[in-house]
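The values are calculated or read from the model by the stated rules, or taken from the named source; none is laboratory data. If you're wondering where the values come from, they're calculated on a predicted model, not measured in any experiment. Using ideal geometry, Cβ is built from the backbone for each residue, glycine included, and neighbour counts are taken over all protein chains shown. The accessibility values were calculated without ligands, DNA or RNA, using every heavy atom of the protein model including side chains. Shrake-Rupley method; radii C 1.70, N 1.55, O 1.52, S 1.80 Å.
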Amino acid sequence: MYNSKIIGLGHYVPENVVTNDDLSKLMDTNDEWIQERTGIKERRHVIKGEDTTTTMGVKAAKIAIERAGIDKDEIDFIVFATLSPDYYFPGPGVLVQRDLGIKTVGALDVRNQCSGFVYGISVADQYIKSGMYKNVLVIGSEVHSTGLDMTTRGRGVSVIFGDGAGAAVVSREEDTAKGILSTHLHSEGQHAEELSLIAPGMGKRWVTDIIEENDPNDESYFPYMNGQFVFKNAVVRFSEVIMEGLQTNGLTPADINMLVPHQANLRISQFVQKKFGLSNDQVYNNIMNYGNTTAASIPIALTEAWEKGKVKDGDLVILAAFGSGFTWGSVIIRW
């Protein structure tokens with residue numbers, strides 16, 4: 001019997017800082033409006049030609065591998081979570097394998113948006129516990145900025161999202177009392193269109209249709225979010241999946257040392273924190289600095305929390321996410 005354990009973490013964000021005041025020059029919005037609704041003060045946007053989803057993922061992965069104390073050729077498998085791949089296909093997993101110069105290991109792409117990293121960790125956990133692999137590289141990386149509607153029409157979405165990447169090396173652990181204790185995954189596809197990007201897609205409207213129609217008012221190739229509906233579902237599902245993880249392991253909210261939630265909206269995190277009776281020191285939030293980086297948000301936040309000494313050996317650490325799909329999940333870790 002094996003357990004799996006995170007042995008290396010890394011993150012990377014672009015240097016280009018975009019404040020709420022910067023956005024107010026592009027659309028009808030302001031710092032007070034954005035902070036009141038989301039908690040976000042600034043985010044990072046890539047500079048075209050300098051960073052992509054893959055290159056940011058590679059930079060985060062290099063840090064994680066170095067901190068893990070292993071050679072890149074000891075990586076047995078790659079899991080890459082993103083909604084913003086460099087290409088429609090192939091996915092960025094194989095690009096990371098190429099750019100890191102890793103031997104011809106398998107590479108899997110995960111398209112679960114905000115819960116992508118949690119799903120990726122779950123995949124790595126099961127591969128390791130089965131004995132198939134020893135070291136799995138899990139990456140979450142996103143470039144949102146180049147695909148957002150940066151006008152007043154799109155402000156409800158475009159002010160929320162930022163770019164960045166995070167990575168973790170998940171490795172075999174013989175002490176089954178340590179590491180990842182359990183993972184819990186769910187979906188509810190009946191609400192798929194409530195947080196979505198419809199086009200281009202093979203099923204309804206492909207690039208050829210968009211070019212032929214050339215409709216400047218077509219919003220289908222910009223992200224759409226029913227904000228209030230997503231918020232109401234998020235607070236319920238976050239709470240449910242955290243409790244599911246705790247109960248599976250015979251634990252209670254009082255046992256939590258650190259909760260790292262997906263950075264969707266500071267108000268969601270605060271609602272969950274209050275529900276579980278956690279202090280500010282028991283929840284790590286950084287959405288105010290980076291916005292919502294989707295699949296990258298948990299690995300970026302977890303890396304920062306660990307770097308600051310907020311995650312220590314023996315701590316009970318909970319990762320939880322909810323997002324488009326709807327999909328949601330949690331990871332219960334004894335650090």
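A few points about this structure:
- Entirely in the range 134-225, the strands (runs of 3 or more DSSP E) that have 1 or more residues that are touching a Lys or Arg at 6+ places or on another chain (Cβ under 7 Å), within 30 Å of Val13 (Cβ to Cβ) and of a type outside the set (Val, Ile, Thr): 164-173, 179-187
- Restricting the range 192-208 to residues that are open to solvent by 60 Å² or more (accessible area, probe 1.4 Å) and of a type outside the set (Val, Ile, Thr), the residue that is nearest to the chain's Cα centre (by Cα): Leu197
- Residue that is nearest to Met243 (Cα to Cα) [pool: residues in the range 267-283 that are hydrophobic (A, V, I, L, M, F, W, C) and open to solvent by less than 70 Å² (accessible area, probe 1.4 Å)]: Phe276
- Applying the criterion of being open to solvent by 20 Å² or more (accessible area, probe 1.4 Å) and among the charged types (D, E, K, R) to the residues of the range 40-54, the residue that is farthest from Arg155 (Cα to Cα) is Glu50.
- Filtering the range 94-117 for residues that are of a type in the set (Ser, Thr, Tyr), farther than 17 Å from Ala296 by Cβ and surrounded by fewer than 16 Cβ atoms within 10 Å (Cβ to Cβ) leaves a non-empty set.
- The condition (being without any contact (Cβ under 8 Å) to a residue 12 or more places away in the chain and more than 30 Å from Pro85 (Cα to Cα)) is satisfied by just one residue among Gly250, Gly277, Gly245: Gly250.
- Residues in the range 136-149 that are buried (at least 17 other Cβ atoms within 10 Å of the Cβ) and at pLDDT below 95: 2 in all.
- Boolean, Val236 is in a helix (DSSP H, G or I), closer than 16 Å to Ala320 by Cα, among the hydrophobic types (A, V, I, L, M, F, W, C) and open to solvent by 20 Å² or more (accessible area, probe 1.4 Å): yes
Yes/no matrix, rows are residues, columns are (1) at pLDDT 95 or above; (2) in contact with a Gly (Cβ under 9 Å, 6 or more places away or on another chain); (3) open to solvent by less than 60 Å² (accessible area, probe 1.4 Å):
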| position | (1), (2), (3) |
| --- | --- |
| Ile210 | no, no, yes |
| Asp215 | no, no, no |
| Gly227 | no, yes, yes |
| Glu240 | yes, no, no |
| Pro253 | yes, yes, yes |
| Val260 | yes, no, yes |
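- Screening the range 1-39 for residues that are at pLDDT 95 or above and of a type in the set (Lys, Arg) and picking the one that is surrounded by the most Cβ atoms within 10 Å (Cβ to Cβ) gives Lys5.
- The residues of the range 309-324 that are more than 12 Å from the chain's Cα centre (by Cα) and either part of a strand (DSSP E or B) or crowded, with 21+ Cβ neighbours inside 10 Å (or both), listed by number, are Val311, Leu316, Val317, Ile318.
- Contact annotation: residue pairs with Cβ atoms under 8 Å, 6 or more positions apart or on different chains, pairing a residue in the range 1-27 that is touching a residue at least 60 places away in the same chain (Cβ under 8 Å) with a partner that is in a strand (DSSP E or B) and open to solvent by 60 Å² or more (accessible area, probe 1.4 Å), are Tyr2/Arg172; Asn3/Arg172; Ser4/Arg172; Lys5/Arg172.
- Condition met for Ile65 (assigned to a loop (DSSP other than H, G, I, E, B), buried (at least 22 other Cβ atoms within 10 Å of the Cβ) and in contact (Cβ under 8 Å) with a residue 60 or more places away in the chain): no
- Only one of Asp51, Asp31, Asp73 that is out of contact with any helix residue (DSSP H, G or I) (no Cβ under 7 Å at 6 or more places or on another chain), in contact (Cβ under 8 Å) with a residue 12 or more places away in the chain and under 24 Å from Asn286 (Cβ atoms): Asp51
- For Gly189, the stated conditions do not hold, so it cannot be described as surrounded by fewer than 16 Cβ atoms within 10 Å (Cβ to Cβ), within 24 Å of the chain's Cα centre (by Cα) and free of Cβ contacts under 8 Å to residues at least 24 places away in the same chain.
- Any hit, the range 270-281, residues being closer than 22 Å to Gly325 by Cα, in contact with a Pro (Cβ under 9 Å, 6 or more places away or on another chain) and of a type outside the set (Lys, Arg): yes
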